[in-house]
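Trainee: Below: one structure in structure tokens.
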Amino acid sequence: MNYTTETIAQILSAEVLQTAPAGGKITHLLTDSRHVMFPDSAVFFALSGQRHNGHRFLAELYAAGVRCFVVSEEVNPEAYSGAAILRVADTLKALQLLATHHRNQFDLPVIGITGSNGKTIVKEWLYQLLHESYRIVRSPRSYNSQMGVPLSVWQIGEEHQLGIFEAGISRVGEMKKLAPIIRCSLGVFTNIGEAHSEGFASIEEKLVQKLDLFQYAEAIVYCRDNERVDRYMQELKKRTFSWSRQQDADLRIVQINTGDKHEARIEGDYGGQSVRIAIPFTDPASIENAIHCWAVMLWLGIPQPVIEARMRQLESVAMRLELKEGINGATLINDSYNSDLTSLAIALQFLAQQSGKQKRTLILSDILQSGQDPAQLYAEVAQLLKAQKVNRFIGIGYLVAHVKLFIPPQIEASFFASTEEFIEAMDTLSFRQEFILLKGARKFAFERIAARLSRKVHRTTLEVDLNAMAHNLNAYHRLLRPGTRLMAMVKAAAYGSGSVEVARLLEFHKVDYLTVAYTDEGAELRQGGIQLPIMVLNPEEEAFDSLLRYNLEPEVYSLGQLKQLARYVPERETPLPIHVKFDTGMHRLGFEPAHFEELAALLQSNPHLRVQSMFSHLAASEAPEHDAFTLSQINTFESYYQWLCDSIGYKPLRHILNTSGISRFADYQMDMVRVGIGLYGIDANPEMQVRLKTVLTLKASISQIKTLAPGETVGYGRRGIISAPTRIATISIGYADGLSRLSGHKRFSVLICGRRAPIVGGVCMDMCMVDVTDIPQAQEGDEVVIFGQEPKVEELATAMQTIPYEVLTGISPRVRRVYVQE
């Protein structure tokens, strides 16, 4: 569509504060200042929320080349010469209005999907099943929010024949805003459950709100087995296509056979005809999702033999990018099996976020079923490469060779006709000390490339969910008053999860400060390209040189240490920021009143050291029985702070609240708060714990399974005594990986195939044995969850007679860290 700043102003009924030179075409919507890729053709919507305000980044975006802005606050047009500035009352409503207008320009069938669970899987499976019949536009990943839906619908073009969009809501009234944007002709309701219920008074209210998506639908696909859902569907007075396992329906499910571990066979009755499908999944959620897709295909008139053939080809949906260690010091970002222009843009943003100043390489296959002219499509690919500063491009396939016509000369490029040809040539290509992004369509089998580029390490992995960490960060952000800063603790390798990767995420999400325990940890972050201010808790004298070289800020807690620092640091034009710690009751480190006079004198006589902050540490902020002591610590800190401020003549930042303190003592946020283990989904405050997501999942695998007879024993010392016929699985984790011997002898159970398996006998150095007698489907090679969503790390900590902190920081470096992000 030919959108200009003038037409957008008309669509939005915006007040034009300043016009731009005529002729500029708008093709991209921008809502995040960190994701500028096509500034010349983008319009930025300055969205505002409780903790963010897009208007703060207008100057940054203008400097990056953006020349069209939609704002809701007062803006000085003279600061943005040559830019169009459009003012509206509400920028989110304006974004939604523009997307609604765009949707109304196209008369194509659209499938709208909502429900509590399964929306993204159903959407992606429908794409897999239907892309041979239609040119499809769909929501990227899980773009189903008030902002995500407009960005999804904006992708619709004249080449598309079918749209598939998902919609999710978190409070009353939101779906009424999304319904006209999607304007679905066919609705799919997956299910109703407890997920995301916080914003609703009841399940019924949430159900009614979700059904608002189907306002324009000609028909709705749903399952009749939930009586509440069935009743409300009947009240809509819409045409439906229902399926059920229990009662009459358009598609009556007669039998589901999951006897084969790798396949489910589903039989049904459709219009009096016996019909069946088989899918390569056996879990209940996948079966339900597949039947929804089956019903949609029947409604669309896809012949049953075609449905059967395509259902057998269903593949798991790669919901997340995976970052892991590669060969020769490289880092691999695996986003194969998901190749379209929008997902490529998202993956390149992640590549830029994680790579810092290191070399960036993209390996890309042909982008299939895009519906676009190849020249136009690969011209956009070349623009993305330039915008995200990709250094090397490797194309695999025939169509991707179109990139040659548009790729900038500074990008090293090579091309291969097939995955096999590339693999044969890999030994002649050098992959070293770089970030490599894999993006391949399914038919190119890029898992073979991933296997060659991945470092061969211990099979046991610690999976770090970066989306969950960002969610937890935002959960604490929402508790803060405007202007309160946030310091994130990344000491001890970010609680065992990997400091550089976590720091990059935190920097991307604009935390104010990072904190490490020792200088070498801060130096590692600087070497990884981290620019945020970094406080060092234990700056040893031997590391003062690195402290200065890497622009790190030391904690100062004693007179002797302060004197050492004052002698070492030369007089300088810009003073070295230091952080003064008071001991208010923790009695670990910190100044006490007896030291204050000399402390003040030292600070006054050494102006090349400037106090950036004063802080203290709460001893028991998580324990209600010690609240009186916590409040006394806070009051003591306030008096210490005021005394030193009066002595040095200025007021540094103040901070005392740690993770538990943020939610339990909100009146004492002061200038900054410190969040640590809460980022990883652990908070001793139950009210806060329910708002957090699990970040870390420790996984092993089954190496071997044996059947033992009564009287036989397991492990060293023959302490695991078998009293009945028992299947014993040996799994690839031991105490050298961080699984304490205290967890053995049935004191802890791991998770295999969704069921618990107790540890039998003692934990060995590199492995341990578990009882899988009651898990007959368990096989060698199966995944074993040590902790994560279930079991929780707190449960393992209890078995190990310790706390989650020790469990997390005790995970061995030989355990491979894998970072995932949606």
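The values are calculated or read from the model by the stated rules, or taken from the named source; none is laboratory data. Please read these numbers as outputs of a predicted model, since none were measured by experiment. Heads up, the Cβs are rebuilt from the backbone with ideal geometry, glycines too, and the neighbour counts pull from every protein chain shown. Heavy atoms of the whole protein, side chains included, go into the accessibility calculation; ligands, DNA and RNA do not. Shrake-Rupley method; radii C 1.70, N 1.55, O 1.52, S 1.80 Å.
Trainee: Relative contact order for region 315-438: what is it in percent, counting Cα pairs under 8 Å that are at least 6 residues apart? Present the calculation step by step, with values, prior to reporting the outcome.
Mentor: Details: 192 pairs, mean separation 44.0, N = 124.
Here the relative contact order equals 35 percent.
Trainee: Taking the alpha-carbon centroid of each part, what is the distance from region 589-614 to region 399-471 in angstrom?
Mentor: About 53 Å separates the Cα centre of region 589-614 from the one of region 399-471.
Trainee: Would you kindly give the portion of the calculated P(r) for region 260-307 that falls above 11 Å, as a percent of all Cα pairs?
Mentor: 68
Trainee: Packing-wise, with mean Cβ within 10 Å as the measure, how do 764-772, 620-628 rank, highest first? Could you put the intermediate results ahead of the total?
Mentor: On the way: 764-772: 21.6, 620-628: 14.3.
So the peptides 764-772, 620-628, ranked by packing, come out 764-772, 620-628.
Trainee: How much accessible surface does residue 36 have with a 1.4 Å probe, in Å² rounded to 10?
Mentor: My reading of the accessible area for residue 36 is about 30 Å².
Trainee: Probe radius 1.4 Å, ligands and nucleic acids ignored: give me the carbon and sulfur share of the accessible area of region 621-694 as a rounded percent. Spell out each step's value before the answer.
Mentor: Values: 1490 of 3030 Å².
Carbon with sulfur: 49 percent of the solvent-accessible area.
Trainee: A further question on this structure: Enumerate the residues in region 589-629 having an amide nitrogen under 14 Å from the point lying 7 Å beyond the Cα of residue 645 toward its Cβ.
Mentor: The answer is 612-615, whose backbone nitrogens lie closer than 14 Å to the label point.
Trainee: Cα-Cα over 26 Å: which of 491/746; 324/443; 359/792? Walk me through the numbers on the way to the answer.
Mentor: Values: 491/746 33 Å; 324/443 23 Å; 359/792 38 Å.
In this structure, 491/746; 359/792 exceed 26 Å between Cα atoms.
Trainee: If you don't mind, there's one more thing I want to ask. Of the heavy-atom accessible surface of region 776-822 (probe 1.4 angstrom), what whole percent is carbon and sulfur? Could you put the intermediate results ahead of the total?
Mentor: Working: 1080 of 2250 Å².
Using a 1.4 Å probe with all protein chains present, region 776-822 comes out at 48 percent carbon and sulfur.
Trainee: Local charge sum around residue 86 (other residues, Cβ-Cβ under 14 Å, Lys/Arg +1, Asp/Glu -1)? If you can, show how the numbers build up before the last one.
Mentor: Values: positive: 67, 87, 93; negative: 6, 15, 73, 74, 90.
Around residue 86, the charge tally is -2.
Trainee: Something else about it: Report the full-extension gain for the segment residue 574 to residue 755: residue separation times 0.36 nm, less the Cα-Cα distance, to one decimal in nm.
Mentor: Details: separation 181, 0.36 × 181 = 65.16 nm, distance 5.96 nm.
Stretched out fully, the residue 574 to residue 755 stretch lengthens by 59.2 nm.
Trainee: Calculate the length of the line joining the C-alpha centroid of region 749-822 to that of region 503-520, in whole Å.
Mentor: 29
Trainee: Rounded to the nearest whole Å², what accessible area per residue is found for region 513-562 with the 1.4 Å probe?
Mentor: The answer is 37 Å² per residue.
Trainee: Divide by every residue of the chain the summed helix terms, -39500 (n - 2.57) for each DSSP H run of at least 4, and state the resulting mean residue ellipticity at 222 nm, rounded to the nearest 500 deg cm²/dmol.
Mentor: The helix-only estimate for the chain comes to -8500 deg cm²/dmol at 222 nm.
Trainee: Would you mind working out the accessible area per residue for region 673-822, using a 1.4 Å probe, and quoting it in Å²? List each step's numbers first, then the result.
Mentor: Working: 6620 Å² over 150 residues.
The answer is 44 Å² per residue.
Trainee: Moving to a separate point now. Round to a whole angstrom and tell me the spacing of the C-alpha centers of region 634-679 and region 309-338.
Mentor: 44
Trainee: Modelling each spin label as a point 7 Å along the Cα-to-Cβ direction, I'd like the residue 50/residue 228 distance in nm, to one decimal.
Mentor: 2.5
Trainee: If you build the Cα gyration tensor of region 175-223 and take the root of 5 times each eigenvalue, what three semi-axes come out, in whole angstrom, biggest first?
Mentor: On the way: eigenvalues 80, 33, 11 Å².
Gyration-tensor ellipsoid for region 175-223: 20, 13, 7 Å.
Trainee: What label, among (i) 222, 92, 34; (ii) 91, 87, 62; (iii) 87, 77, 58, belongs to Cα extents along the principal axes in Å computed from the structure on display?
Mentor: Of the labelled values, this structure produces (ii).
Trainee: Which entries of 93/389; 386/510; 123/177 have Cα-Cα distances beyond 27 Å here?
Mentor: Table pairs above 27 Å Cα-Cα are 93/389.
Trainee: When the label point is put 7 Å from the Cα of residue 302 along its Cα-to-beta-carbon vector, which residues of region 150-193 have a backbone N closer than 14 Å?
Mentor: Correct set: 162-164.
Trainee: Starting at 0 and stepping by 5 Å, how many percent of the alpha carbon pairs of region 191-274 end up in each bin?
Mentor: P(r) over region 191-274, rounded to whole percents: 3, 12, 20, 18, 17, 14, 9, 6, 1.
Trainee: Under a point-charge model restricted to the Cβ atoms of Lys and Arg (+1) and Asp and Glu (-1), what is the dipole moment magnitude of region 187-317 relative to its Cα centre, in debye to the nearest 20? All intermediate terms of the calculation are to be shown ahead of the outcome.
Mentor: Values: 15 positive and 20 negative charges, 64 e Å.
With Lys and Arg at +1 and Asp and Glu at -1, about 300 debye.
Trainee: Can you give the log10 of the normalised intensity I(q)/I(0) at q = 0.19, 0.26 Å⁻¹, computed with Debye over equal Cα scatterers of region 425-475?
Mentor: Those come out to -0.92, -1.11, one per q.
Trainee: Which shape class applies to region 310-448: rounded if a/c is under 1.5, otherwise prolate when a/b exceeds b/c and oblate if not, where a ≥ b ≥ c are the square roots of the Cα gyration tensor eigenvalues?
Mentor: Rounded shape, in that the Cα axes give a/c under 1.5.
Trainee: What span do the alpha-carbon atoms of region 735-781 cover on each of the three principal axes, reported in whole Å from largest to smallest?
Mentor: That works out to 28, 21, 15 Å along the principal axes.
Trainee: Is the shape of region 10-70 best called rounded, prolate or oblate, per the rule: a/c under 1.5 gives rounded, else a/b larger than b/c gives prolate, else oblate, with a ≥ b ≥ c the square roots of the Cα gyration tensor eigenvalues? Display every interim value, and only then the final one.
Mentor: Working: a/c = 1.80, a/b = 1.26, b/c = 1.43.
It comes out oblate by the Cα gyration axes.
Trainee: Further, regarding this structure: Contour minus end-to-end for residue 172 and residue 78, with contour as 0.36 nm per residue of separation and end-to-end as the Cα-Cα distance?
Mentor: Numbers: separation 94, 0.36 × 94 = 33.84 nm, distance 4.06 nm.
That works out to 29.8 nm of additional length.
Trainee: Using R₀ = 60 Å, calculate the FRET efficiency as 1/(1 + (r/R₀)^6) where r is the Cβ-Cβ separation of residue 373 and residue 202; round to 0.05. The partial results should precede the final answer.
Mentor: On the way: r = 51 Å, r/R0 = 0.84.
E(calc), rounded to 0.05, equals 0.75.
Trainee: Shifting gears a bit: Quick one: if the Förster radius is 51 Å, what FRET efficiency do residue 447 and residue 601 give, using the C-beta to C-beta distance and rounding to 0.05?
Mentor: On the way: r = 66 Å, r/R0 = 1.29.
That pair, residue 447 with residue 601, gives E of 0.20.
Trainee: Another question, then. Want the number for residue 235 to residue 549: 0.36 nm per residue separation, take away the alpha-carbon distance, what's left?
Mentor: 106.1 nm
Trainee: With the contact rule set at Cα under 8 Å and sequence spacing of 6 or more, what percent relative contact order holds for the chain?
Mentor: Numbers: 1689 pairs, mean separation 67.0, N = 822.
That works out to 8 percent.
Trainee: Roughly how many percent of the accessible protein surface of region 55-179 is carbon and sulfur, given a 1.4 Å probe and a whole-percent answer? Provide the component values of the computation, followed by the final result.
Mentor: Details: 2160 of 4620 Å².
The nonpolar share, carbon plus sulfur, comes to 47 percent.
Trainee: Straight distance only, please: which aspartates and glutamates reach the Cα of residue 651 with their own Cα at less than 13 Å, same-chain residues fewer than 8 apart left out?
Mentor: 638, 671
Trainee: While we're here: Between residue 283 and residue 15, what is the FRET efficiency for a Förster distance of 41 Å, r being their Cβ-Cβ separation, to the nearest 0.05?
Mentor: Step by step, r from the Cβ atoms, then E = 0.15.
Trainee: Right, next: Does region 128-278 classify as rounded, prolate or oblate by the C-alpha gyration tensor (a ≥ b ≥ c root eigenvalues; a/c under 1.5 gives rounded; else a/b over b/c gives prolate, otherwise oblate)?
Mentor: Values: a/c = 1.76, a/b = 1.26, b/c = 1.40.
Here region 128-278 falls in the oblate category.
Trainee: Let me ask something else. For region 386-459, what does the accessible surface come to per residue with a 1.4 Å probe? Please give it in Å². Kindly include the intermediate steps, with their values, before the conclusion.
Mentor: Numbers: 3860 Å² over 74 residues.
Here the per-residue accessible area is 52 Å².
Trainee: Return the loop-located GluC sites (Glu not before Pro) in region 154-232 (DSSP other than H, G, I, E, B) with at most 13 other Cβ atoms within 10 Å of their own Cβ; answer none if there are none.
Mentor: Values: sites: 158, 159, 166, 174, 194, 198, 204, 205, 218, 227; in loops: 158, 159, 194, 198, 218.
When the GluC sites (Glu not before Pro) of region 154-232 are filtered for loop state and at most 13 Cβ neighbours within 10 Å, 158, 159, 194, 198, 218 remain.
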